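The values are calculated or read from the model by the stated rules, or taken from the named source; none is laboratory data. What you are looking at is a predicted structure, and each value in this text was computed from that prediction instead of being measured. Cβ atoms come from the backbone with ideal geometry, glycine included; neighbour counts cover every protein chain shown. Each accessible area value is taken on the protein alone, full model and side chains, heavy atoms only, with ligands, DNA and RNA left out. Shrake-Rupley method; radii C 1.70, N 1.55, O 1.52, S 1.80 Å.
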Amino acid sequence: MFSLRHFTTLFFLYLIVWMGSAQSLSAQNGIVSGRLYNALNNEPLAFGSVRLLDSPYGSFTDSTGKFEIKGIKPGLYNFEARYTGFEVEIIYEVQVTNSKPYVLDVAMTEANFSADSVIIVASPFKKIDEAPLSLRTIGTSEIKRNPGGNRDISRVIQSLPGVTSTPGFRNDILIRGGGPNENRYYIDGIETPNINHFATQGASGGPVGLINVDFINEVDFFSGAFPANRGNALSSVFEFRQRPARNDRLGFTATLGSSDLALTMEGPTGQNSNFLFSVRRSYLQFLFQAIGLPFLPTYNDYQYKHKFRIGNRHEINIVSLGALDQFALNTAADSTPQQRFILGNLPVQTQWNYTIGASYKYFADNGFLQVVLSRNMINFDQFKFPDNDETQEKIFDYNSQESENKFRIEYTGKKNGFKYNVGTNAEYARYFVNTFRRTGFGEIDFETLLRQYKYGVFGSISKKFLKERLILALGLRADGNDFNASMQNLANQLSPRFSASYGITPKLTANFNTGIYYQLPPYTVLGYRDTDSNELLNQDVTYIRNEQVVGGFAYTTEQNSKISIEGFYKYYRDYPFLLTDSISLANLGGDFGAIGNEPVSSTSEGRAYGLEVLIQQRLYKGFYGIIAYTLSWSEFQDNNGMFVPSSWDNRHVVSLTAGKKFGKNWELGVKWRYNSGTPFTPADTLVSGLIAVWDLRGREIPDFRRLNSERIAAFSQLDARIDKKWFFKKWSFNLFIDVQNVYNSRIPGPPTLDVVRDEAGTPVPLNVPGQDIPTRYQLNFLENNLGLVQPTLGIVVTY
């Protein structure tokens, strides 16, 4: 989406660097430093070994568990850490550069049996006792190099089985047939409700990711078998772990991407503390204006991490991130029917949000105590004038704020071979909304202030048997809040879960999990009031309940590859059913604005089931790749109680990702995705075309009597990326070319219903013989095909 001027500038910069690189490359002076420590009590592990696989480089740790490996040629490597009596750890895809030491802190896990009699073999894929399946771990290199991923985790995970997104440019994450409001995100153990710019209220999606990938070490993605200390999720839990900051000096990274400029600063603030800080600013609005799009988005964000170590017993981690998003209209871009339609319906909006939290850990002899305090807040401002004429009265005016103050304390320990985790959490939430809207059914005008106290308890225990061939894990949590009597009672939200894993052979395992999970409906549902009486209308809602069963097999090879197959079944109960629209809330969330702000009843039921196949090759002799196939069904009840396909019923989804590292730091990656098409609800042309209705609403009214009765056509997309890196004495330079939708595939969207307009843009009435005063407009359907070739030239400079 670069202009010719941007392309030319970057191309000449590329030539300059290319011509000067032969004389500027430095010697092999890459450094990897860090420490080995016991993951349970943070004790340093003296005289352990760390080595670079398939090379002569390696080192032993000193009496404080620290190590340093010097003289490494810049590149991407796998490392192995060993310590007697502990499981072998392999750290994949460590990017070694000359510009800064790579900080590699390795948490080692004690083995449950004697290492003298058993050969401990490291697995190339992470596995934890509580979630032996439905867990994928993604490293920072995988995120950065993903073709078409734009360094955005929400796009990168679309390469994995069970994951889909809405067609187009949004980051709505859909996991195993669930909606985009069913996911939860944690950064270094601190819950972060929103990870996207221009978020949809009541859901979690948006068009651009908020998290700076330069901060990320790795991401654990749970599509099921959620740990008991992570509540309020039905479809997925994401655990983002940020990397350690450099501890030698102050350093900087500048990244120029397809839509923004990012600046990152890091370094030590004392002998035992360091920090990471970044800011980003988009220039997308200039590009959109240059190519004549009717909307101009601008986003800004920051991210911050500060870590303090006080001896081996105490650790404090401070995390914060936030954003300011603005959405203006480009009223000059009105030459096509599609542009005019967008200008007529899209509101002007401003949105800001932040999360700030602190985590304190105390390490005892056989475990650790963690205390987490955090606060998050998001503000929505939206308004709309008829025909964007500010001299008229607004037809839509909306302001809303959501804030949450959270506390969690938990203890993780190990005794007699049993690993356990117990804890409790408490939260004070505040929701405010002031809304006015003219609709085809009248006016909505109310103001509400809702205060809510939430609480929960949780615990889990696991143990390995039969020389670690059999792993059993049991968890339980219970949640409540003071919204109504039903939800106050913890017993009504008991959430048990059980996992088992059996090693049939050293390389083949059978895995199983079942559990019951609960999620609170969004604040838009809880705080909805009647316009006339000002009473809360949804006082009888309950937690959404989801029962899950997952089972499968996994096979690993000596070449760092894995083949897995998993089947899943999810059954939803007590989902909010929107009484005005006669549709389950589970079908909404893949668009801008807010969802759930209308009367509901907790009566909707749904189900999702399917099969996932994954073939994954970790970096091995320069190759890596993922083949993922998902066959799934997602169904929710309509207003007659019949199960019909949901908006997220994707059926067949295929993703193929592959890459190769070549000599002289060249790398090529490609990604191909196929989707058999999702359902949509056709427009109610009889109601939508009424002059009184269209003049107020300005767009179609869906015919929910035919809920999701039609389906968009299948589509596919090919993305490609080329990276070239140069390593200088004190800085490094990475140039990448990323092309989304290489063969210009047209992604079909549901057709857009619009009125026929004359040359002045005025709707044309439908003249009916014998009718003196027209009651309807003439209607037509606009093409809604998405998908363009989107080339990106990007630069990353690290000092």
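Numbers below:
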item	result
Filtered trypsin sites (Lys or Arg not before Pro), the stretch 602-706: DSSP coil and at most 11 other beta carbons within 10 Å	Lys621
Out-of-range pairs (alpha-carbon distance over 21 Å; input Lys419/Lys562; Lys307/Lys724; Lys467/Lys570; Lys100/Lys729; Lys414/Lys467)	Lys419/Lys562; Lys307/Lys724; Lys467/Lys570
Cross-link reach list, lysines versus Lys454, counting only Cα pairs under 16 Å and skipping chain neighbours closer than eight places	Lys406
Angle between the chain longest axis and helix 4-24 axis [Cα atoms, degrees, rounded to 10]	10
Lys729-Met265 FRET efficiency (beta carbon distance; Förster radius 30 Å; 0.05 resolution)	0.90
Gained length - Glu68 relative to Ala107, 0.36 nm times residue gap less alpha-carbon distance	12.4 nm
Neighbourhood charge, 10 Å Cβ-Cβ cut-off, centred on Val156 and excluding it, Lys, Arg +1 and Asp, Glu -1	+3
Relative contact order computed over the chain (Cα-Cα under 8 Å; 6+ residues apart), in percent	11
Within the accessible area of the stretch 602-694 (1.4 Å probe), percent carbon and sulfur	66
Phi to ³J(HN,Hα) by Karplus 6.51 cos²θ - 1.76 cosθ + 1.60 over the stretch 623-638, Hz, x for Gly, Pro	9, 8, x, 9, 10, 10, 10, 10, 10, 8, 10, 9, 9, 9, 6, 8
Full-extension gain in nm, Asp381 to Leu466, via 0.36 nm per residue minus C-alpha separation	24.7 nm
FRET E, pair Glu447, Glu390, Förster distance 25 Å, beta-carbon r, rounded to 0.05	0.60
J(HN,Hα) series, the stretch 322-329, from Karplus relation 6.51 cos²θ - 1.76 cosθ + 1.60, nearest Hz, glycine and proline x	x, 8, 10, 10, 10, 10, 9, 9
Nonlocal amide H pairs with Ile747, under 5 Å, H built at 1.01 Å	Leu786, Gly787
Segment Tyr569-Thr336, length gained on full extension (0.36 nm per residue, minus Cα span)	79.3 nm
Percent accessible area from carbon and sulfur atoms, the stretch 59-98, protein chains only, probe 1.4 Å	49
Proximal aspartates and glutamates to Lys671, defined as alpha-carbon separation beneath 12 angstrom and excluding residues fewer than eight positions away on the same chain	Asp719, Asp738
Three-way shape label, the stretch 168-316, alpha-carbon gyration tensor, a/c 1.5	oblate
At most 13 other Cβ within 10 Å, DSSP loop - GluC sites (Glu not before Pro), the stretch 485-590	Glu535, Glu558
³J(HN,Hα) computed for each position of the stretch 675-684 - Karplus, 6.51 cos²θ - 1.76 cosθ + 1.60, integer Hz, glycine/proline x	9, 7, x, 9, x, 8, 9, x, 6, 8
For Leu373, net neighbour charge (Lys/Arg +1, Asp/Glu -1) across residues whose Cβ lies under 10 Å away	+3
Computed magnitude of the charge dipole of the chain (debye, nearest 20; Cβ of K, R +1, Cβ of D, E -1)	3500
Alpha carbon centroid spacing (whole Å) that separates the stretch 287-355 from the stretch 646-700	21
Relative contact order %, the stretch 745-799, counting alpha carbon pairs below 8 Å whose residues are six or more apart	43
Charge dipole (the chain, unit charges on Cβ, about Cα centre) - positive-most of Asn767, Ser63, Asn181	Ser63
The stretch 735-777 - percent of accessible surface contributed by carbon and sulfur, probe 1.4 Å	58
Signed unit charges on C-beta, dipole axis of the chain, positive-most listed residue Val797, Val219, Gln548	Val797
In Å², nearest 10: area of Tyr555 left accessible to a 1.4 Å probe	90
Proximal aspartates and glutamates relative to Lys361, as straight alpha-carbon distance under 19 Å, when same-chain residues fewer than 8 apart are discounted	Glu43, Asp105, Asp188, Glu191, Glu239, Glu315, Glu410
Distance in nm between pseudo-label sites at Ala713 and Phe60 (7 Å out along the Cβ direction from Cα)	6.8
Heavy atoms of Val654 accessible to a 1.4 Å probe, total area in Å² rounded to 10	30
Rounded Å value of the spacing that divides the Cα centres of the stretch 706-725 and the stretch 135-211	16
CD proxy at 222 nm, helix term only [per DSSP H run n ≥ 4: -39500 (n - 2.57); per residue of the chain; nearest 500]	-2000 deg cm²/dmol
Modelled FRET efficiency - R0 41 Å, Ile722 with Glu783, Cβ distances, 0.05 increments	0.80
Spin-label pair Ala760/Leu53, simplified geometry with 7 Å Cα→Cβ offset, distance in nm	7.2
5 angstrom amide H check on Gly58, placed H, neighbours 5+ away	Leu52
Residue among Asn345, Leu588, Leu472 farthest towards the positive dipole end of the chain, charges placed on Cβ	Leu472
Accessible surface, the chain, averaged per residue in Å² (probe 1.4 Å)	41
